[in-house]
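Engineer: For reference, the structure I am asking about is given below.
The values are calculated or read from the model by the stated rules, or taken from the named source; none is laboratory data. Computed from a prediction, not measured in an experiment: that's the story for all the values here. Ideal geometry is used to build each Cβ from the backbone, glycine not excepted, and the neighbour counts take in all protein chains shown.
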Amino acid sequence: MGAVIFNIHRHSPTVGMDNDFVVKAARALLDGGAPYADKRFLYLPSAVLAAVPEALLSAGKLRLLVPVAGVGAVVLGWLLALRIFRVPVRSRLAALGVAALAFFEPFRNVVNIGNWTLASVVALPLMLLLALRSRWVAAGAVLGLALALKPLLAPLLLLLVLARRWRALAVAVAVPVVASVLAALVMPHPGMFFTRTLPFLLHGQDGFARPFDASLGMILTRLGVPETAAYGVAAVAAVAGTGCAWARWRRGDQGPSRLVETAAMLMLAAFLVSRPSFDHYLLVVLPPLVASVALPGSAARTVWFWIALVPQVSGLVWPHLEALHRRAFRDAVMLWTVAAVMAWTCVRPRVLRAVATMPMGPESTDRTPVRDVF
């Protein structure tokens, strides 16, 4: 990880690029300007206040802070994901996961640009860990804080609906709403979020982001499918994915798999239809899914799950897909394949799931993950 930080800090021309948009908005606020005058600032008003401490730092300090904080956030998310499945943080699986991250392109990309998706990488496993321990209101608060920074985890509001945790849902909604209202009161022209930023988002941003968009609708249009048909297919896929998540939740089994698989399927369904959908979005759901390899029958126990990640291994050359404007195609392969694997995991027949999780001996009645296997 030190090598990744050093390389980005010394050699990357785009270090902190996405973070800079938020910092610029915070500096505009401090100077009495309107944060939403910059069309590249796409977050809720609450994110402006969260970025104020960064706005007080020099560019040189931010250039080092961004990759360090990025690496720290992803590693923390991975360790929290391991705790969901009671895998010790000193296990071989924990060390292997940290080492593998250094060779995973979406990780290197998000650490480089400093996108605030990093907050969601930490928030999702923390929320699931709290929910698993029946601390649903605290889980809702974590979700609300993540939404206040970047509303990427909004699909997880459906998880609270499925679980019928109405107090947690109220907290998750109230936190970003209250924070954004308070932030809007101290900034000039907050209404530009609705008149300028929101329409920009709903149109899939612009030519700057579209070459990196791996969503189903965008890739189909680039392959020649009419736009209406392409986004219709994407919408159907997203609805089907949400249905798979609902089916997985209804199965009603105990343990962490139900929470993790339902949450992951909800997020993946949203990624299929969202405009845009970037490669680093998958980092939000990958840590809990990879950590679930400790359980028999999990998605991470299938070969297709790992095949989906192969195109993202740093150093592998893929003919005709290395150009910057074509990278989205291999990102799409990863996203779509992982979504398909998760959908099958959610809806596969009960008989197959029972066989996958069947104890191997008469003494194997405890489904608690065995410690120190990894």
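Engineer: If a residue counts only when it is under 19 Å from residue 143 (Cβ atoms) and not assigned by TED's automatic domain parsing to the domain that holds residue 132, which helices (runs of 4 or more DSSP H) contained entirely in the stretch 188-299 have at least 1 such residues?
Structural biologist: Per the criteria, 227-250, 256-273, 286-291.
Engineer: How many of the residues making up the stretch 228-284 are touching an Asp or Glu at 6+ places or on another chain (Cβ under 8 Å) and within 16 Å of residue 218 (Cβ to Cβ)?
Structural biologist: 5
Engineer: If residue 10 meets every condition in (1) buried (at least 19 other Cβ atoms within 10 Å of the Cβ); (2) at pLDDT below 90 apart from one, which number is that one?
Structural biologist: So residue 10 meets the others, but not (1).
Engineer: Taking the stretch 300-340 as the search range and keeping residues that are touching a residue at least 24 places away in the same chain (Cβ under 8 Å) and assigned to a loop (DSSP other than H, G, I, E, B), which one is farthest from residue 267 (Cα to Cα)?
Structural biologist: 315
Engineer: Output yes when any residue across the stretch 85-94 is without any contact (Cβ under 8 Å) to a residue 12 or more places away in the chain, farther than 26 Å from residue 202 by Cα and polar (S, T, N, Q), and no when none is.
Structural biologist: Going through the stretch 85-94, the residues without any contact (Cβ under 8 Å) to a residue 12 or more places away in the chain turn out to be 89-90.
Okay, now just the ones that are also farther than 26 Å from residue 202 by Cα, so 89-90.
So of that shortlist, the ones also polar (S, T, N, Q) come out as none.
Checked the stretch 85-94: no residue is without any contact (Cβ under 8 Å) to a residue 12 or more places away in the chain, farther than 26 Å from residue 202 by Cα and polar (S, T, N, Q).
Engineer: Search the stretch 99-111 for residues that are among the β-branched types (Val, Ile, Thr) and pair each with any residue that is surrounded by fewer than 21 Cβ atoms within 10 Å (Cβ to Cβ) when their beta-carbon atoms are under 8 Å apart and the residues are at least 6 apart or on different chains.
Structural biologist: The qualifying pairs are 111/4; 111/5.
Engineer: Which of (1) exposed (fewer than 14 other Cβ atoms within 10 Å of the Cβ); (2) farther than 26 Å from residue 253 by Cβ does residue 210 not meet, given it meets every other one?
Structural biologist: (1)
Here's the yes/no breakdown for (1) closer than 21 Å to residue 103 by Cβ; (2) within 18 Å of the chain's Cα centre (by Cα); (3) at pLDDT below 90; (4) of a type outside the set (A, V, I, L, M, F, W, C):
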| site | (1), (2), (3), (4) |
| --- | --- |
| 294 | no, no, yes, no |
| 307 | yes, no, no, no |
| 322 | yes, no, yes, yes |
| 325 | no, no, yes, yes |
| 337 | yes, yes, no, yes |
| 351 | no, no, yes, no |
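Engineer: State which residue is nearest to residue 41 (Cα to Cα) when the search covers only the stretch 108-159 and only residues that are more than 15 Å from the chain's Cα centre (by Cα) and either outside any helix (DSSP H, G or I) or not assigned by TED's automatic domain parsing to the domain that holds residue 68 (or both).
Structural biologist: So, considering only residues that are more than 15 Å from the chain's Cα centre (by Cα) and either outside any helix (DSSP H, G or I) or not assigned by TED's automatic domain parsing to the domain that holds residue 68 (or both), the one nearest to residue 41 (Cα to Cα) is 135.
Engineer: Considering each of 57, 76, 64, 80 in turn, give the residue that is assigned to a helix (DSSP H, G or I) and either more than 23 Å from residue 153 (Cβ to Cβ) or assigned by TED's automatic domain parsing to the domain that holds residue 208 (or both).
Structural biologist: Working: 57 fails: assigned to a helix (DSSP H, G or I); 76 fails: either more than 23 Å from residue 153 (Cβ to Cβ) or assigned by TED's automatic domain parsing to the domain that holds residue 208 (or both); 80 fails: either more than 23 Å from residue 153 (Cβ to Cβ) or assigned by TED's automatic domain parsing to the domain that holds residue 208 (or both).
Just a single option satisfies the conditions, and that option is 64.
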